[in-house]
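The values are calculated or read from the model by the stated rules, or taken from the named source; none is laboratory data. Quick caveat: nothing in here was measured; it's all calculated off a predicted structure. Positions of Cβ are generated from backbone atoms using ideal geometry, with glycine treated the same way; all protein chains shown enter the neighbour counts. Ligands, DNA and RNA are stripped out before the accessible areas are found, and what is left, the full protein with its side chains, is counted by its heavy atoms. Shrake-Rupley method; radii C 1.70, N 1.55, O 1.52, S 1.80 Å.
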Amino acid sequence: MKKLRLTVASVAIGMLALSGCGQGGTPESSGDGDKAEAPEYSVATDVDLKDSKTWQKAKDAGEITIGVKKDQPGLGNVSAGSKEPEGFDIEIAKMVAAHLGFEPDQIKYTETVSANREPFLQQGNVDMVVATYTINDERKKVVDFAGPYYVAGQDLLVAEDSDIAGPDDLDGKKVCSVDGSTPAQNIEDKYTKAELVTYDAYSKCVTDLQSGSVDAVTTDDAILRGYAKQYDGEFKVVGKPFTEEPYGVGLPKGDDALRDAVNDALEEGMDDGDWKKAFEYTLGSTDGVDMPKVDRY
């Protein structure tokens with residue numbers, strides 16, 4: 001992996017200043033405390049992906065449709081009073097779209113939840129998905145992936161006074177995640193004595209945790225730290241990740257030309273500094289963070 005390794009426990013995310021892995025609003029950049037500037041990505045003008053049906057359809061339509069989350073602070077979120085999503089996933093989407101020849105105003109963001117990402121790609125509702133989408137072999141059977149562009153780890157969000165210190169403490173506890181997600185499947189498969197509760201959005205899990213209806217919320221550490229920051233003093237992240245979750249850009253199955261182009265975009269962004277700018281703008285300092293190596297499977 002390219003040197004910049006993420007130390008998960010040191011990350012703080014939120015709607016104000018952030019450090020590490022997470023976000024909300026405009027975080028402070030590393031070093032002098034000045035706010036990071038919104039990145040601008042150079043839009044390619046010489047793109048020709050005629051071998052990609054997906055790209056050609058988007059080019060003809062004059063816009064590219066990208067599935068994103070809208071309830072995950074720091075990654076893909078719509079803040080109160082705002083109409084546009086923001087976060088690291090959104091910046092990755094903009095960076096990739098620019099490489100494919102699309103201006104920011106030519107991106108159509110469609111909200112996706114964990115359970116409908118594959119169907120949306122299969123049915124052509126979206127051209128790609130950038131939505132904390134973990135790459136795994138089961139999903140590769142029906143969709144393709146570019147990336148990864150980030151590697152997260154599954155963790156637990158609990159009440160500030162909870163005695164849950166890790167996944168081994170979940171016996172008899174109610175644990176909330178979202179339908180169709182890798183974290184939910186991990187709990188169901190590996191921690192069978194926990195009672196799994198699922199919804200279509202993590203925000204509903206957080207509401208249940210706030211009311212005491214569940215004992216823990218589980219998903220990737222970056223997402224959980226965003227919620228912990230939003231509800232400062234109410235919740236804490238256990239800080240003991242027990243999986244690796246490589247986030248990839250989901251693409252229609254068999255569109256190799258598009259997959260190659262998106263991988264090119266990610267690698268170029270890592271090489272020319274755009275990835276780092278996107279991270280610092282949304283998630284804070286890149287101190288201790290690794291940029292993952294793209295897997296051209």
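Taken over the stretch 183-192, residues that are farther than 13 Å from D155 by Cβ and either outside any helix (DSSP H, G or I) or not charged (D, E, K, R) (or both) amount to 4.
In the set (1) crowded, with 24+ Cβ neighbours inside 10 Å; (2) at pLDDT below 95; (3) more than 22 Å from T132 (Cα to Cα), the condition left unmet by E37 is number (1).
So which of I64, I90 is surrounded by 13 or more Cβ atoms within 10 Å (Cβ to Cβ), modelled with pLDDT of 85 or more and in contact with an Asp or Glu (Cβ under 6 Å, 6 or more places away or on another chain)? Can you show your working first?
Details: I90 fails: in contact with an Asp or Glu (Cβ under 6 Å, 6 or more places away or on another chain).
Only one candidate passes the filter, namely I64.
The lone criterion from (1) charged (D, E, K, R); (2) in contact with an Asp or Glu (Cβ under 6 Å, 6 or more places away or on another chain); (3) closer than 20 Å to I64 by Cα left unmet by D105 is number (2).
Listed by position, the helices (runs of 4 or more DSSP H) contained in the stretch 65-162 that have at least 3 residues being in contact (Cβ under 8 Å) with a residue 40 or more places away in the chain and closer than 22 Å to E268 by Cβ are 88-99.
Quick one: is T7 at pLDDT 85 or above and among the polar types (S, T, N, Q)? Let's see the steps before the verdict.
Working: at pLDDT 85 or above: no; among the polar types (S, T, N, Q): yes.
No.
Only one of the numbered conditions (1) touching a residue at least 40 places away in the same chain (Cβ under 8 Å); (2) among the polar types (S, T, N, Q); (3) over 13 Å from L224 (Cβ atoms) is violated by S177, and that is (3).
Regarding P119, is this residue in contact with a helix residue (DSSP H, G or I) (Cβ under 7 Å, 6 or more places away or on another chain), open to solvent by 30 Å² or more (accessible area, probe 1.4 Å) and not charged (D, E, K, R)?
Working: in contact with a helix residue (DSSP H, G or I) (Cβ under 7 Å, 6 or more places away or on another chain): no; open to solvent by 30 Å² or more (accessible area, probe 1.4 Å): yes; not charged (D, E, K, R): yes.
Judged against the criteria, P119 is not a match.
Right, L100: of a type in the set (A, V, I, L, M), closer than 29 Å to S42 by Cβ and surrounded by 22 or more Cβ atoms within 10 Å (Cβ to Cβ) or not? It is true that L100 is of a type in the set (A, V, I, L, M), closer than 29 Å to S42 by Cβ and surrounded by 22 or more Cβ atoms within 10 Å (Cβ to Cβ). Within the stretch 235-242, is there a residue that is open to solvent by 60 Å² or more (accessible area, probe 1.4 Å), free of Cβ contacts under 8 Å to residues at least 60 places away in the same chain and within 18 Å of E160 (Cα to Cα)? No, there is no match, as no residue in the stretch 235-242 is open to solvent by 60 Å² or more (accessible area, probe 1.4 Å), free of Cβ contacts under 8 Å to residues at least 60 places away in the same chain and within 18 Å of E160 (Cα to Cα).
Can you confirm whether the stretch 250-259 contains a residue that is modelled with pLDDT under 95 and among the small types (G, A, S)? No, the stretch 250-259 contains no residue that is modelled with pLDDT under 95 and among the small types (G, A, S). Checked against (1) at pLDDT 90 or above; (2) in contact with a helix residue (DSSP H, G or I) (Cβ under 6 Å, 6 or more places away or on another chain); (3) of a type in the set (V, I, T), T282 meets all criteria but (1).
So, in the stretch 272-291, of the ones that are part of a loop (DSSP other than H, G, I, E, B) and touching a strand residue (DSSP E or B) at 6+ places or on another chain (Cβ under 7 Å), which residue ends up nearest to P246 (Cα to Cα)? Spell out how you get there, then give the answer.
Taking the stretch 272-291 as the starting set, the residues that turn out to be part of a loop (DSSP other than H, G, I, E, B) are 273, 284-290.
Now restrict to residues that are touching a strand residue (DSSP E or B) at 6+ places or on another chain (Cβ under 7 Å): 284-285, 290.
Details: G284: 19, S285: 20, D290: 12 Å.
Result: D290.
Picking from residues in the stretch 182-220 that are under 18 Å from V113 (Cα atoms) and among the charged types (D, E, K, R), the one that is most open to solvent (accessible area, probe 1.4 Å) is K204. Determine, yes or no, whether D179 is open to solvent by 10 Å² or more (accessible area, probe 1.4 Å), more than 23 Å from P148 (Cα to Cα) and modelled with pLDDT of 90 or more. No; evaluated as a whole, the condition is false for this residue.
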